Ligand code: ADP
Ligand code: MG
Ligand code: MG
């Protein structure tokens, strides 16, 4: 029950944040894409928020899966299947024990793996993977090697994601719409890496 409330609260915080950042994300996408990332994300998460609010009896894995399913159907574009499909399949990590430090690491790793399977982007292709990879690796190392509490690990993951977002600006896009611009994509921050950072920031804010 406590986990259900935490998920609902996290989802609400993410939804509010993406609504606030809608114009910002769309502006980033207008420089190197088709100017819809902010509206895509805000629409998707507000849809997920509506769905999950009424699922009073659901287990964590089912709630998280529903978020993924809703994102797939509501976000669209390149980012819908990447965010939604990956959340959907990674939600299985919560099936047996719910959310623990250990299963949260497993979820993060499974999510990153799915995003890379589906999108085929390596670090340095100027995508969400550039924020996600350092965040997930830092989270895992903080918990498994440095023995930090999930909250502190998440704070380190936010810092890592932030650096990852910064790293997208000077590089050339190799995946997604921005790659059509070739060298002209240089000098612009990636929208999907930025929305990934906002989501991780809101997970931290919820946990605090
Ligand atoms: P679309 O480009 O279809 O309009 P969005 O604007 O919602 O979709 O999302 C764009 C973001 O999706 C990019 O900023 C990038 O971070 C991410 N993205 C695009 N293609 C890929 C990919 N192959 N792998 C990982 N992320 C990708
Ligand atoms: Mg777009
Ligand atoms: Mg689009």
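Of the residues that sit in the stretch 117-146 and are more than 16 Å from residue 161 (Cα to Cα) and in contact with a helix residue (DSSP H, G or I) (Cβ under 9 Å, 6 or more places away or on another chain), which one is farthest from ligand 2 (Cβ to nearest atom)? Reasoning before the result, please.
In the first step, residues of the stretch 117-146 are kept if they are more than 16 Å from residue 161 (Cα to Cα); the result is 117-121, 143-146.
Still in the list and also in contact with a helix residue (DSSP H, G or I) (Cβ under 9 Å, 6 or more places away or on another chain): 117-119, 121, 143-144, 146.
Working: 117: 21, 118: 16, 119: 14, 121: 15, 143: 33, 144: 35, 146: 37 Å.
If we take residues in the stretch 117-146 being more than 16 Å from residue 161 (Cα to Cα) and in contact with a helix residue (DSSP H, G or I) (Cβ under 9 Å, 6 or more places away or on another chain), then 146 is farthest from ligand 2 (Cβ to nearest atom).
Evaluate the stretch 47-68: report whether one residue or more is closer than 27 Å to residue 100 by Cα, assigned to a helix (DSSP H, G or I), in contact with a helix residue (DSSP H, G or I) (Cβ under 8 Å, 6 or more places away or on another chain) and within 15 Å of ligand 2 (Cβ to nearest atom).
no
Identify, please: which residue in the stretch 1-37 is in contact (Cβ under 8 Å) with a residue 24 or more places away in the chain, within 16 Å of ligand 2 (Cβ to nearest atom) and closer than 19 Å to residue 70 by Cα and is, among those, nearest to the chain's Cα centre (by Cα)?
Of everything passing the filter in the stretch 1-37, 18 is nearest to the chain's Cα centre (by Cα).
Can you tell me which condition residue 72 does not meet? The list is (1) more than 14 Å from ligand 1 (Cβ to nearest atom); (2) free of Cβ contacts under 8 Å to residues at least 24 places away in the same chain, and all the others hold.
(1)
Please enumerate the residues belonging to the stretch 106-123 that are part of a helix (DSSP H, G or I) and surrounded by fewer than 16 Cβ atoms within 10 Å (Cβ to Cβ).
Taking the stretch 106-123 as the starting set, the residues that turn out to be part of a helix (DSSP H, G or I) are 106-119.
Correct list: 113, 117, 118.
Return the total of residues in the stretch 127-149 being more than 16 Å from ligand 3 (Cβ to nearest atom) and assigned to a loop (DSSP other than H, G, I, E, B).
The number of residues fulfilling the criteria is 5.
This table checks each residue for (1) in contact with a strand residue (DSSP E or B) (Cβ under 7 Å, 6 or more places away or on another chain); (2) surrounded by fewer than 18 Cβ atoms within 10 Å (Cβ to Cβ); (3) modelled with pLDDT of 95 or more; (4) not in a helix (DSSP H, G or I).
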residue	(1), (2), (3), (4)
160	no, no, yes, no
166	no, yes, yes, no
171	no, yes, yes, yes
179	no, yes, yes, no
183	no, yes, yes, no
194	no, no, yes, no
198	no, no, yes, no
201	no, no, yes, no
206	no, yes, yes, no
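Which residues, counting only those in the stretch 40-90, are surrounded by 18 or more Cβ atoms within 10 Å (Cβ to Cβ), more than 19 Å from residue 132 (Cβ to Cβ) and within 15 Å of ligand 3 (Cβ to nearest atom)?
The answer is 42, 43, 74.
Given the options 155, 125, 160, name the one that is within 12 Å of ligand 1 (Cβ to nearest atom) and touching a residue at least 24 places away in the same chain (Cβ under 8 Å).
Working: 155 fails: within 12 Å of ligand 1 (Cβ to nearest atom); 160 fails: within 12 Å of ligand 1 (Cβ to nearest atom).
Just a single option satisfies the conditions, and that option is 125.
The values are calculated or read from the model by the stated rules, or taken from the named source; none is laboratory data. Since this is a predicted model, take the numbers as computed values, not measurements. Cβ sites come from the backbone with ideal geometry, for glycine too, and all protein chains shown count toward neighbours.
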